[in-house]
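Structure, as structure tokens:
The values are calculated or read from the model by the stated rules, or taken from the named source; none is laboratory data. Here the structure is a predicted model, which is why all the values come from computation and not from measurement. Positions of Cβ are generated from backbone atoms using ideal geometry, with glycine treated the same way; all protein chains shown enter the neighbour counts.
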Amino acid sequence: MTNTVYIALGGNIGDRAAFIHAALDALNAYVSVEETSHLYETQPMHVTDQPLFLNAVCRGVTSLTPSDLLRALKRTEDELGRTKTVRYGPRNVDLDILFYNDAVVDTPSLTIPHIRIPERDFVLAPLLDLEPELRHPRLGLTVGQLWDRLEMPVPPRVMPVGDNTWHWNQAARVMAILNMTPDSFSGDGLENAPDPVAAACALARQFAADGADVIDVGGYSTRPGHADIAVEEEIGRVAPVINALRNELDLPLSIDTFRVEVAEAALDAGAVWLNDVSGLRHAGSALEVTKQPLLAIAALAARRRVPLVLMDNRAPLHVDIRGRNVQNEAPTSDIVSDVRLQLNRALDMARRAGVPRWHRVIDPGIGFGKSVSQHAELIRRLDELAEPGYPLLFGASRKGFLGKLAEGAPVGERLAATIAANVLAVERGARIVRVHDVRENVQALRVANAILADDSKRAVPLS
């Protein structure tokens, strides 16, 4: 017999995210974790002179009884080094049973549902992500009703990125594009430089000085009509650069690839972020990382505990896992609904592979297999994609549709068009913009972020 359980995870000392990830890994020995909430940073209760907490909730199934589950959770806390302090005091990890089916349990050592659920924003906000209609068996109220009764703002949602914790309720961020290709559509590929690694480091230093938040390194051109290259060649383009940059810059590094072998080599070299332009539709080569090859990059992101960008891509990706051409998606009468459907499929695949909700990032795939009118419609209705609350990455920089909208502007003259699209996207909920021209876009977004800071109508209610 399997039982559905909701378990709270939290902690506020040491590497908070690492302890939560370690607790999730340990939980899988006796709870099959099906889904996680977003990750929240919250104020301490009762004992306020201590660091901020990270909190989340996971839903899973288990064959353990409530008392056996409690003992397993306490054993996990002990194995992760939790030491007893004052009541409500600091701790590196805290695991609590919130709900166990619809059971009501009252024993000297265990109360289910957890007695403090109705008063804790750091429990109710994550539960809202998972199941707003879940009904409290003692109170007869749903999670959504309990939240409304609390009358508190939603705590900040955060995402662990390397050694940092990004807050999604703060200013939109800038991802800088570092192309290690000879055939980039924008003409900025560095592969043909006399010393590609040195050229990449010099450009990355300039990106950092100009205000970039993350640098996205790519070694495989996905421009229209691109040429296929071997996995080994792609690794040779990106791994040395990432290895050099991690020793030069205090910025997170991302790898732009759809091949799991390249992704793993990049993570080994120092990347902390995976940007999959295929939306998990492509497995790279036939390397069997999991029993489901199309989940290979997602499984890698889950195992290495790094963010994973999931893009909607309607353009050909050269070949699929069986060596056949991947064709454009069929025409659609509603591009936004279609993109939402594809992103939901990718998000579900990432969930099944074990990527926690706080590491899933969505990308509507600007420039990938869509018409000019569809791009305009996507940007106009971008808030509909941002509404579910996943961080949304927007990459329109220098793209061809901007040139067409700007009366034929060539690729080198699309900066103003790029900034216009990026500002509109941020106003509609984008949280990261991916750009070639860092300094100018950082300046534009500083103005946009300042104007939008107190806008209660933002698409993603993250504060």
- Message: Here's a check for you: in region 196-221, which residue that is modelled with pLDDT under 90 and out of contact with any Leu (no Cβ under 8 Å at 6 or more places or on another chain) is surrounded by the most Cβ atoms within 10 Å (Cβ to Cβ)?
- Response: Tyr220
- Message: Can you find, within region 247-259, the residue that is farthest from Ala209 (Cα to Cα) among those that are at pLDDT below 95 and either among the polar types (S, T, N, Q) or assigned to a helix (DSSP H, G or I) (or both)?
- Response: Thr257
- Could you please tell me which pairs satisfy a Cβ distance under 6 Å, a separation of 6+ or placement on different chains, a first residue in region 404-433 that is within 23 Å of Arg173 (Cα to Cα) and surrounded by fewer than 18 Cβ atoms within 10 Å (Cβ to Cβ), and a second residue that is among the β-branched types (Val, Ile, Thr) and modelled with pLDDT of 95 or more? Leu424/Ile379
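Do we find that Asp268 is part of a loop (DSSP other than H, G, I, E, B) and surrounded by fewer than 24 Cβ atoms within 10 Å (Cβ to Cβ) in this structure?
no
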- Message: Can you say whether Asp68 is outside any loop (DSSP other than H, G, I, E, B), loosely packed, with under 13 Cβ neighbours inside 10 Å and not aromatic (Phe, Trp, Tyr), as far as the supplied structure shows?
- Response: yes
- Lys84 versus (1) under 21 Å from Thr4 (Cα atoms); (2) surrounded by fewer than 16 Cβ atoms within 10 Å (Cβ to Cβ): which is the lone unmet condition? (1)
- If you go through region 338-372 one residue at a time, how many are on the phi > 0 side of the Ramachandran plot and within 14 Å of the chain's Cα centre (by Cα)? 1
- Task: Filter region 348-376 for residues that are part of a helix (DSSP H, G or I) and crowded, with 22+ Cβ neighbours inside 10 Å and give the result.
- Result: Ala350, Arg357, Trp358, His359, His375
- Could you check, for region 312-331, whether at least one of its residues is at pLDDT 90 or above, outside any loop (DSSP other than H, G, I, E, B) and of a type outside the set (Gly, Ala, Ser)? no
- Mind checking which residues of region 381-400 are part of a loop (DSSP other than H, G, I, E, B) and not hydrophobic (A, V, I, L, M, F, W, C)? Arg381, Glu387, Pro388, Gly389, Tyr390, Pro391, Gly395, Ser397, Arg398, Lys399
- Item | Candidate set: region 434-445, residues that are outside any loop (DSSP other than H, G, I, E, B) and either assigned by TED's automatic domain parsing to the domain that holds Ala125 or in contact with a Ser or Thr (Cβ under 8 Å, 6 or more places away or on another chain) (or both); chosen: the one farthest from Val336 (Cα to Cα) | Asn441
- Taking region 229-265 and the residues there that are of a type in the set (Lys, Arg) and buried (at least 22 other Cβ atoms within 10 Å of the Cβ), the one that is nearest to Ile297 (Cα to Cα) would be Arg259
- Message: Looking only at region 370-384, how many residues end up being out of contact with any Phe, Trp or Tyr (no Cβ under 9 Å at 6 or more places or on another chain) and hydrophobic (A, V, I, L, M, F, W, C)?
- Response: 1
- Item | Matching strands (runs of 3 or more DSSP E) fully within region 74-168 where at least 2 residues are under 30 Å from Ala453 (Cβ atoms) and in contact with a helix residue (DSSP H, G or I) (Cβ under 7 Å, 6 or more places away or on another chain) | 157-161
- Note on the structure: Of the residues in region 91-105, those that are of a type outside the set (Lys, Arg) and either in contact with a Gly (Cβ under 7 Å, 6 or more places away or on another chain) or at pLDDT below 95 (or both) come to Asn92, Val93, Asp94
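Among the strands (runs of 3 or more DSSP E) lying completely within region 1-65, list those that include at least 2 residues that are modelled with pLDDT of 95 or more and over 22 Å from Pro155 (Cβ atoms). Can you show your working first?
Details: elements: 3-11, 32-36, 39-42, 53-62.
Those strands (runs of 3 or more DSSP E) span 3-11, 32-36, 53-62.
Which ones in region 169-178 are farther than 16 Å from Arg205 by Cβ and part of a strand (DSSP E or B)? Give the derivation first.
Let us first name the residues in region 169-178 that are farther than 16 Å from Arg205 by Cβ, namely 169-173, 175.
The answer is Arg173, Met175.
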